[in-house]
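Participant: Take this structure, written in structure tokens, and hold onto it; I'll ask about it next.
The values are calculated or read from the model by the stated rules, or taken from the named source; none is laboratory data. These numbers were taken from a predicted model, which means no experiment stands behind them. Please note: Cβ atoms are built from the backbone with ideal geometry, for glycine as well, and neighbour counts cover all protein chains shown. When the accessible area is computed, the model is the full protein with side chains, heavy atoms only, and any ligands, DNA or RNA have been set aside. Shrake-Rupley method; radii C 1.70, N 1.55, O 1.52, S 1.80 Å.
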Amino acid sequence: MTAAAATPTPQETHLAMLSARVPVAGRRILDIGCGSGAFLELLLAGGADATGMEVAEETLARAAAAGIDPARLALGDGRTLPFADASFDCACFVFSFHHVPADLRTTVLAEVARVLAHDGTLVAIEPLPAGPMSEALAPIEDETEVRTAAQALLADPPAPFVLAETAHYEIARTYASHDAMIRNAVEVDAARAVPAARPDVVAAVQERFARLATPVEGGFELRQPCVLYRFRKA
């Protein structure tokens with residue numbers, strides 16, 4: 001009997017969606033909001049000349065500790081990207097654009113346009129404000145409003161970006177337990193540590209996790225619907 005194929009990680013699924021639209025090998029790619037470097041690592045393994053950027057030094061330290069060359073990591077909040085004009089063929093936000101403060105999103109997009117080549121591509125991948133994973137995490141932080149606002153801007157982007165395509169798909173993430181999911185949520189955003197420490201919040205997450213997660217080999221799976229936006233420069 002043939003063994004069942006392993007479920008792709010979220011980063012592998014995101015990369016497959018990106019690679020179907022933008023050739024990765026040999027391309028200069030900027031991963032904005034690279035976190036601990038999981039997606040950046042896949043870009044590099046795929047032959048990209050990739051750079052990751054984050055707003056917090058401690059996040060970049062985790063990426064470096066995970067094996068990413070510090071020379072490929074940059075610190076910045078997006079208002080002024082530390083790169084020359086036309087430095088990249090592609091820029092991507094992977095679950096990070098909605099974390100940009102609302103009053104800075106247009107400024108950040110203008111900076112992205114500056115560092116992209118004239119024929120460059122911007123790809124933004126965002127979690128929809130729905131689905132089992134979002135519902136399970138909502139007691140810690142309900143991102144319905146912030147995701148909706150961010151995606152409204154992406155659906156009608158400011159010049160010079162023109163929306164070329166949207167595509168919907170799902171990712172699946174496996175957790176050992178609801179506690180593991182909470183730890184991961186806090187690692188993504190340290191501000192979640194305060195609500196995540198409250199017993200009532202933990203109890204609410206535990207109830208939702210038990211109701212929404214599907215038992216799989218190695219733990220419990222939660223699915224998250226996503227939307228990919230692909231832009232070209234006018």
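Participant: What is the one condition in (1) open to solvent by less than 30 Å² (accessible area, probe 1.4 Å); (2) at pLDDT below 95 that residue 37 does not satisfy?
Facilitator: Answer for residue 37: the failing condition is (2).
Participant: Here is a follow-up. Of all the residues that make up the range 150-166, how many are more than 15 Å from residue 96 (Cβ to Cβ) and either surrounded by 14 or more Cβ atoms within 10 Å (Cβ to Cβ) or hydroxyl-bearing (Ser, Thr, Tyr) (or both)? Reasoning before the result, please.
Facilitator: The first filter runs over the range 150-166 and keeps only residues more than 15 Å from residue 96 (Cβ to Cβ), leaving 152, 155-166.
This time we only want the ones that are either surrounded by 14 or more Cβ atoms within 10 Å (Cβ to Cβ) or hydroxyl-bearing (Ser, Thr, Tyr) (or both), so: 157, 160-161, 163, 166.
The total comes to 5.
Participant: Report yes if some residue within the range 2-10 is open to solvent by less than 30 Å² (accessible area, probe 1.4 Å), touching a strand residue (DSSP E or B) at 6+ places or on another chain (Cβ under 7 Å) and modelled with pLDDT of 95 or more; otherwise report no.
Facilitator: Taking the range 2-10 as the starting set, the residues that turn out to be open to solvent by less than 30 Å² (accessible area, probe 1.4 Å) are 10.
Subset that is touching a strand residue (DSSP E or B) at 6+ places or on another chain (Cβ under 7 Å): 10.
From what is left, the residues that are modelled with pLDDT of 95 or more are 10.
Yes, the range 2-10 has at least one match.
Participant: Pairs please, first residue from the range 78-89 and within 15 Å of residue 27 (Cβ to Cβ), second anywhere and open to solvent by 40 Å² or more (accessible area, probe 1.4 Å), Cβ atoms under 7 Å, 6+ apart in sequence or on different chains.
Facilitator: Close Cβ pairs (under 7 Å, with a partner that is open to solvent by 40 Å² or more (accessible area, probe 1.4 Å)) amount to 86/118; 87/28; 88/28; 89/27; 89/28.
Participant: Hey, another quick one. What number goes with the only condition from (1) aliphatic (A, V, I, L, M); (2) touching a residue at least 40 places away in the same chain (Cβ under 8 Å); (3) out of contact with any strand residue (DSSP E or B) (no Cβ under 9 Å at 6 or more places or on another chain); (4) surrounded by 13 or more Cβ atoms within 10 Å (Cβ to Cβ) that residue 104 does not pass?
Facilitator: (2)
Participant: Across the range 44-67, which residue is least open to solvent (accessible area, probe 1.4 Å) among those that are of a type in the set (A, V, I, L, M, F, W, C), under 24 Å from residue 191 (Cβ atoms) and not in a helix (DSSP H, G or I)?
Facilitator: Quick first cut of the range 44-67, residues of a type in the set (A, V, I, L, M, F, W, C) only: 44-45, 48, 50, 53, 55-56, 60-61, 63-66.
Then drop every residue that is not under 24 Å from residue 191 (Cβ atoms), which leaves 53, 55-56, 60-61, 63-66.
Still in the running and not in a helix (DSSP H, G or I): 53, 55-56, 66.
On the way: 53: 5, 55: 98, 56: 21, 66: 66 Å².
The qualifying residue least open to solvent (accessible area, probe 1.4 Å) is 53.
Participant: Are any of the residues in the range 68-82 under 23 Å from residue 153 (Cβ atoms) and either of a type in the set (Phe, Trp, Tyr) or crowded, with 20+ Cβ neighbours inside 10 Å (or both)? Quick ask: steps written out before the conclusion?
Facilitator: Step one: filter the range 68-82 for residues under 23 Å from residue 153 (Cβ atoms), giving 76-81.
Next cut, either of a type in the set (Phe, Trp, Tyr) or crowded, with 20+ Cβ neighbours inside 10 Å (or both) only: 78, 81.
Yes, there is a match, as at least one residue in the range 68-82 is under 23 Å from residue 153 (Cβ atoms) and either of a type in the set (Phe, Trp, Tyr) or crowded, with 20+ Cβ neighbours inside 10 Å (or both).
Participant: What single numbered condition from (1) touching a residue at least 40 places away in the same chain (Cβ under 8 Å); (2) surrounded by fewer than 19 Cβ atoms within 10 Å (Cβ to Cβ); (3) more than 29 Å from residue 91 (Cα to Cα) fails to hold for residue 199?
Facilitator: If we test residue 199 against (1) touching a residue at least 40 places away in the same chain (Cβ under 8 Å); (2) surrounded by fewer than 19 Cβ atoms within 10 Å (Cβ to Cβ); (3) more than 29 Å from residue 91 (Cα to Cα), just (1) comes out false.
Participant: Condition check: modelled with pLDDT of 95 or more and in a strand (DSSP E or B). Does residue 182 satisfy that?
Facilitator: no
Participant: Shifting gears a bit: Filter the range 185-195 for residues that are under 21 Å from the mean Cα position of the chain (by Cα) and part of a helix (DSSP H, G or I); which is nearest to residue 15 (Cα to Cα)?
Facilitator: Among residues in the range 185-195 that are under 21 Å from the mean Cα position of the chain (by Cα) and part of a helix (DSSP H, G or I), the one nearest to residue 15 (Cα to Cα) is 188.
Participant: Checking residue 171 against (1) of a type outside the set (D, E, K, R); (2) closer than 21 Å to residue 232 by Cα; (3) assigned to a strand (DSSP E or B), only one condition comes out false. Which one?
Facilitator: (2)
Participant: Still on this structure, please answer the following. Can you name every one of the strands (runs of 3 or more DSSP E) wholly within the range 73-136 that holds 3 or more residues which are in contact with a Lys or Arg (Cβ under 9 Å, 6 or more places away or on another chain) and not acidic (Asp, Glu)?
Facilitator: Because the criterion is at least 3 residues that are in contact with a Lys or Arg (Cβ under 9 Å, 6 or more places away or on another chain) and not acidic (Asp, Glu), the strands (runs of 3 or more DSSP E) in the range 73-136 that meet it are 116-127.
Participant: Those residues that are part of a helix (DSSP H, G or I) and in contact (Cβ under 8 Å) with a residue 12 or more places away in the chain, I need them from the range 5-28; list them, please.
Facilitator: 10, 11, 12, 13, 14, 15, 17, 18, 19
Participant: Scanning for something free of Cβ contacts under 8 Å to residues at least 60 places away in the same chain and open to solvent by less than 40 Å² (accessible area, probe 1.4 Å), does the range 209-222 turn up at least one residue? If you could, list the steps in order and put the result at the bottom.
Facilitator: From the range 209-222, those free of Cβ contacts under 8 Å to residues at least 60 places away in the same chain are 210-211, 214-215, 217-220; that's our starting set.
Next cut, open to solvent by less than 40 Å² (accessible area, probe 1.4 Å) only: 219.
Yes, because at least one residue in the range 209-222 is free of Cβ contacts under 8 Å to residues at least 60 places away in the same chain and open to solvent by less than 40 Å² (accessible area, probe 1.4 Å).
Participant: Filter the range 196-234 for residues that are basic (Lys, Arg) and part of a strand (DSSP E or B) and give the result.
Facilitator: Of the range 196-234, the ones basic (Lys, Arg) are 198, 208, 211, 223, 230, 232-233.
Of everything in the range 196-234, those that are basic (Lys, Arg) and part of a strand (DSSP E or B) turn out to be 223, 230, 232, 233.
Participant: Any residue at all in the range 145-152 that's assigned to a helix (DSSP H, G or I), within 30 Å of residue 231 (Cβ to Cβ), β-branched (Val, Ile, Thr) and at pLDDT below 95? Working first, answer last.
Facilitator: Quick first cut of the range 145-152, residues assigned to a helix (DSSP H, G or I) only: 145-152.
This time we only want the ones that are within 30 Å of residue 231 (Cβ to Cβ), so: 145-152.
Right, trim to β-branched (Val, Ile, Thr) and you get 146, 148.
Subset that is at pLDDT below 95: none.
Checking the range 145-152: not a single residue is assigned to a helix (DSSP H, G or I), within 30 Å of residue 231 (Cβ to Cβ), β-branched (Val, Ile, Thr) and at pLDDT below 95.
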